[in-house]
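A short worksheet on the structure shown next.
The values are calculated or read from the model by the stated rules, or taken from the named source; none is laboratory data. Everything numeric in this text was worked out from a predicted model, so none of it was measured. Methodologically, a virtual Cβ is constructed for each residue, glycine included, from the backbone with ideal geometry; neighbour enumeration extends over all protein chains shown. Just the protein is used for accessible areas: all its heavy atoms, side chains included, with ligands, DNA and RNA removed. Shrake-Rupley method; radii C 1.70, N 1.55, O 1.52, S 1.80 Å.
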Amino acid sequence: MYSKRHILPVFLCILCFSGLAFAQARTRTLVVQTEPRAMIWIDGVKRGVTDEFGKLEIKPVLPTAKLIKVRANGFREAGRPILAGQAAVRIPLKKTTDAAELAFQEAERILSDDLEMAVTLYRKAIKLNPRYAEAYVALARALTGSDNDAALGLIQQARRIRPVYPEASTVEGRIHRSENDIDKAIESFDRAIREGKGFEPEAHTGLGLIFKEEAEGAGAAGDLDDEKEYYEEAVKSFEKAIGQLSATEPVLYILLGEVYEKMENRQRAIAVYERFLRDFPVSDERSAVQSFIVQLKKEMNANR
């Protein structure tokens, strides 16, 4: 038997406009042509890496998509608006000799393999360019959990450079959550969402995780009213995050399905898991999710 506990931990430490996530929005495919092995973001959500020919086909792309950003090692980062109905975009990049940008790119490249060296490179980028807001936020992410005071200081510095900065507020929320300061975490995530004018999937995810944990605590304490209210808030947050992430974070579907199961809403849980199967046809977790559906249907039949 598969267990959700075997699936969730890998994803819970990384995280990252629509109506309800299950509304059928009109989406499209966008083909990007740029440098080989370039990373592509749409509205701050990483959507993939171009192939050896510099091409990436992105789907789905929501009709509300506004900005595409491209970064390739050794090149100057570039961004441009996404036009309504646009099906293809070519984004040529220019080589960069900016030492701060090159240090930042190298830090991003090695972050998952060599955290200590990445931190050194982020600091180098900031020293070379004291107004490099992205480097302050990236360094704050890297220090979260190990040096939270320094991380919060870096967020403050980033805000001096860019006063309205949704990602900075989101990282601030992550820092507070790592300290179990739930009130401050919620305040920061809410600020991130306001700054992003509703679009900040990582902040919605952070709120969803907090509300889910609070619901579980209330349930353990026997406070059924609070448990129900927190689960309802978790549903709203996870649904928003799923809709804004455009089928890039499968773990959110599993989290949302688990919340519906806790609420004993098996029908909605099945709908979430079935959407997972549609959106992630080659996921390693397909067999596990299929087993969840089978079990839930058995439970529904047994209660009839």
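Would you work out which of Gln86, Gly74, Tyr253 lies farthest towards the positive end of the dipole of the chain, given +1 charges on the beta-carbon of Lys and Arg and -1 on that of Asp and Glu, about the Cα centre?
The one lying farthest along the dipole's positive direction is Gln86.
Sort the following peptides by mean Cβ neighbour count (other Cβ atoms within 10 Å, averaged over residues), highest first: 294-302, 187-195, 265-273.
Final packing ranking: 187-195, 265-273, 294-302.
Just give me a number: lysine pairs in segment 46-164, eight or more positions apart or cross-chain, with C-alpha atoms less than 30 Å apart.
Lysine pairs, 8 or more places apart or on different chains, close enough: 25.
Could you calculate the FRET efficiency of Arg268 with Phe53 from 1/(1 + (r/R0)^6), where r is the beta carbon distance between them and R0 is 25 Å, rounded to 0.05?
0.05
About the Cα centre of segment 61-112, what is the dipole size in debye to 20, counting +1 per Lys and Arg Cβ and -1 per Asp and Glu Cβ, all else neutral?
Roughly 260 debye for segment 61-112.
Let me spell out the model: positive unit charges on the Cβ of Lys and Arg, negative unit charges on the Cβ of Asp and Glu, origin at the Cα centre of the chain. What dipole size does that give, in debye rounded to 20?
Approximately 1540 debye in magnitude.
Just tell me which lysines come within less than 17 Å, Cα to Cα, of Lys298; anything on the same chain fewer than 8 places away is out.
Within the straight-line limit of under 17 Å, Lys298 reaches these lysines: Lys262.
Please pull out the direction-averaged projected area of the chain, using the convex hull of its alpha-carbon atoms, in nm² to one decimal place. Please list the in-between numbers first.
Numbers: hull surface 68.0 nm².
The directionally averaged projection comes out at 17.0 nm².
What is the percent carbon and sulfur in the accessible area of the chain, measuring with a 1.4 Å probe over the protein chains and ignoring ligands?
On the way: 8000 of 16020 Å².
Roughly 50 percent of what the probe reaches on the chain is carbon or sulfur.
How big is the dipole moment of segment 67-177 about its Cα centre under a simple scheme where the beta carbon of each Lys and Arg is +1, that of each Asp and Glu is -1, and everything else is neutral? Debye, nearest 20, please.
540
Could you tell me what percent of the DSSP beta bridges with both partners in the chain are antiparallel, to the nearest 5? Write down the numbers at each step before the final one.
On the way: 18 of 21 bridges.
Bridges in the chain are about 85 percent antiparallel.
Work out, in µm²/s and without decimals, the Stokes-Einstein translational diffusion coefficient of segment 71-210 at 4 °C, 1.567 mPa s, Rh from Kirkwood over C-alpha pairs.
Result for D is 80 µm²/s.
Sorting check: for 83-92, 137-146, which peptide has the highest mean count of neighbouring beta carbons within 10 Å, and how do the rest follow?
Ranking the peptides 83-92, 137-146 by packing returns 137-146, 83-92.
Per residue, how much accessible surface does the chain expose to a 1.4 Å probe? Answer in Å², no decimals.
Ligands and nucleic acids excluded, the result is 53 Å² per residue.
Which is farthest toward the positive dipole end of the chain among Ala107, Thr120, Ile175, measuring Cα position about the Cα centre, with Cβ charges +1 (Lys, Arg) and -1 (Asp, Glu)?
Checked the options; the winner is Ala107.
Which residue, Ala150, Ile186, Phe211, has the largest displacement toward the positive end of the dipole of segment 130-272 when charges sit on each Cβ (Lys, Arg +1; Asp, Glu -1)?
Ala150
Normalise the Cα radius of gyration of segment 131-262 by 2.2 N^0.38 Å (N = residues in it) and let me know the number.
So segment 131-262 has a normalised radius of gyration of 1.09.
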